[in-house]
Amino acid sequence: MSKIEEIVDALENKISKILHKQEVLKQTNAKLTEQLQQQEQQLLQYQDEITEWTEKYETLKTVNSMLGSDENKRETKLKINSLIREIDQCIAQLAE
């Protein structure tokens, strides 16, 4: 009987250790999940900032072209022509 008791005690110890490791892994997983969510949120914020700065840069390029900078005149002219076409289409639709 003592051999069976030793086996049962050994199994109980192993199960206890496994359950403890499982709990530690659950806690680690929860921390990593939280960190991942924080990183994803920060990434979204950075993407929004990049979009905002890109728009500001494009606006600044357009303004520089209008102020006489030769660098971006072609782009500005194309943009203005595009806007004029859109306005013409709107007027045509209103006229119908």
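Each value in this text was obtained by applying a stated rule to the coordinates, not by laboratory testing. Since the structure is predicted, the reported quantities are computational estimates derived from the model, not experimental observations. Heads up, the Cβs are rebuilt from the backbone with ideal geometry, glycines too, and the neighbour counts pull from every protein chain shown.
Here region 2-95 is assigned +1 on the Cβ of each Lys and Arg and -1 on the Cβ of each Asp and Glu. Its dipole about the Cα centre then comes out at about 240 debye.
Sorting T62, T33 from the fewest to the most surrounding beta carbons within 10 angstrom yields T33, T62. Electrostatic bookkeeping for E58 treats Lys and Arg as +1 and Asp and Glu as -1; over the other residues with beta carbon under 10 Å from its beta carbon, the sum is +1. The angle between the Cα long axis of helix 2-66 and the main principal axis of the chain comes to about 10°, on a 0 to 90 degree scale.
Under 12 Å from the Cβ of A10, count the other residues' Cβ atoms, weight Lys and Arg +1, Asp and Glu -1, and hand me the total. Display every interim value, and only then the final one.
Values: positive: K3, K14, K17; negative: E5, E6, D9, E12.
Result for the neighbourhood of A10: -1.
Taking Rg/Rh (Cα atoms, Kirkwood Rh) as calculated from this structure, the corresponding entry among [x] 1.26; [y] 1.01; [z] 1.64 is [z].
Report the local net charge at H20: Lys and Arg +1, Asp and Glu -1, summed over other residues whose C-beta lies under 13 Å from its C-beta. That sum, taken over residues with Cβ under 13 Å, equals +2. Spatially close Lys pairs in region 2-95, defined by Cα atoms under 17 Å apart and a spacing of eight or more places or different chains, total 7. Each residue in K61, K73, K14 was given a count of other beta-carbon atoms within 10 angstrom of its own, and listing them fewest first yields K14, K73, K61.
Once the Cα atoms of helix 73-95 and of the chain are each reduced to a long axis, what angle between those two axes, in degrees from 0 to 90 to the nearest 10, is obtained? Helix 73-95 and the main axis of the chain meet at about 80 degrees.
What the Cβ-Cβ distance of E5 and K26 gives, at R0 = 25 Å and to the nearest 0.05, is a FRET efficiency of 0.20.
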